[in-house]
Amino acid sequence: MKLNQDEIKTILPHREPMLLVTSVEDLSPGEDIRAVFFADPKMDIFLGHFPEKPILPGVYSIECMAQAVDILLMSTLRYAGKTPLLLGVDKVSFRKKILPGDTLEIHANVISEKREKAIVTCAAEVYVHQEWAANGDITIAMR
């Protein structure tokens, strides 16, 4: 399943400037996702991080992973319409600078789920130019 940004907005509560998924290229609800985010050079964050050599802050990579996970979960019947709350991140590492104009490809898959508590942990990875840029485990509570 593919989704454009208008379709993503029917699933996610996030809006600009905090909507950090441009499109979904492949989605198996509740199983795995491949999403894309374009780091537009016009983003205000690049003005201050860092003015002479701008790079996307690591927390933006984490938020991209979290939003991809949100779509992965909220596209299922059991979590549709719920509010995704970031419960935690674990095993995060940053391996490559993300520059203005880069396109991030975010992959995520479910690794554990506590349905009775509506808590899900997913493994996520970010690639830029097919190179591994960041990864981590993202835990979401659906409320």
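The values are calculated or read from the model by the stated rules, or taken from the named source; none is laboratory data. Because the structure is predicted, anything quoted here is derived from the model rather than measured. Neighbour counts are summed over all protein chains in view; Cβ atoms, including those assigned to glycine, are modelled from backbone coordinates with ideal geometry. When the accessible area is computed, the model is the full protein with side chains, heavy atoms only, and any ligands, DNA or RNA have been set aside. Shrake-Rupley method; radii C 1.70, N 1.55, O 1.52, S 1.80 Å.
Conditions (1) outside any loop (DSSP other than H, G, I, E, B); (2) touching a residue at least 12 places away in the same chain (Cβ under 8 Å); (3) closer than 23 Å to K42 by Cβ, marked per residue:
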| residue | (1), (2), (3) |
| --- | --- |
| C64 | yes, yes, yes |
| L77 | no, no, no |
| L86 | yes, yes, no |
| K91 | yes, yes, no |
| L104 | yes, yes, yes |
| V110 | yes, yes, no |
| E113 | yes, no, no |
| K117 | no, yes, no |
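If I filter the stretch 12-21 down to residues being under 18 Å from H107 (Cα atoms) and touching a residue at least 60 places away in the same chain (Cβ under 8 Å), which single residue comes out as surrounded by the most Cβ atoms within 10 Å (Cβ to Cβ)? Spell out how you get there, then give the answer.
Restricting attention to the stretch 12-21, the residues satisfying the condition of being under 18 Å from H107 (Cα atoms) are 12, 19-21.
From the residues that got through so far, the ones that are touching a residue at least 60 places away in the same chain (Cβ under 8 Å) too are 12, 21.
Numbers: L12: 21, V21: 26.
Out of the qualifying residues, it is V21.
Please determine whether any residue of the stretch 69-86 is modelled with pLDDT of 95 or more, open to solvent by 50 Å² or more (accessible area, probe 1.4 Å) and in contact with a strand residue (DSSP E or B) (Cβ under 6 Å, 6 or more places away or on another chain).
Yes, that holds for at least one residue.
For every residue, the table says whether it meets (1) within 14 Å of D70 (Cβ to Cβ); (2) open to solvent by 50 Å² or more (accessible area, probe 1.4 Å).
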site: K2; (1), (2): no, yes
site: K9; (1), (2): yes, yes
site: E31; (1), (2): no, yes
site: A35; (1), (2): yes, no
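Within the stretch 46-60, how many residues are crowded, with 16+ Cβ neighbours inside 10 Å and among the β-branched types (V, I, T)?
Of the residues in that region, 1 qualify.
Considering only the stretch 40-55, I want to know if a residue exists there that is touching a strand residue (DSSP E or B) at 6+ places or on another chain (Cβ under 8 Å) and either over 18 Å from N135 (Cβ atoms) or in contact (Cβ under 8 Å) with a residue 60 or more places away in the chain (or both).
No: zero hits.
Looking at this structure, is D26 surrounded by 21 or more Cβ atoms within 10 Å (Cβ to Cβ) and either under 15 Å from Y127 (Cβ atoms) or of a type outside the set (V, I, T) (or both)? Break it down stepwise before answering.
On the way: surrounded by 21 or more Cβ atoms within 10 Å (Cβ to Cβ): no; either under 15 Å from Y127 (Cβ atoms) or of a type outside the set (V, I, T) (or both): yes.
No; evaluated as a whole, the condition is false for this residue.
Does the stretch 39-62 include one or more residues that are assigned to a strand (DSSP E or B) and of a type in the set (F, W, Y)? Quick ask: steps written out before the conclusion?
Here is the first cut: in the stretch 39-62, the ones assigned to a strand (DSSP E or B) are none.
Within the stretch 39-62 (the criterion being assigned to a strand (DSSP E or B) and of a type in the set (F, W, Y)), the answer is no, since none of the residues qualifies.
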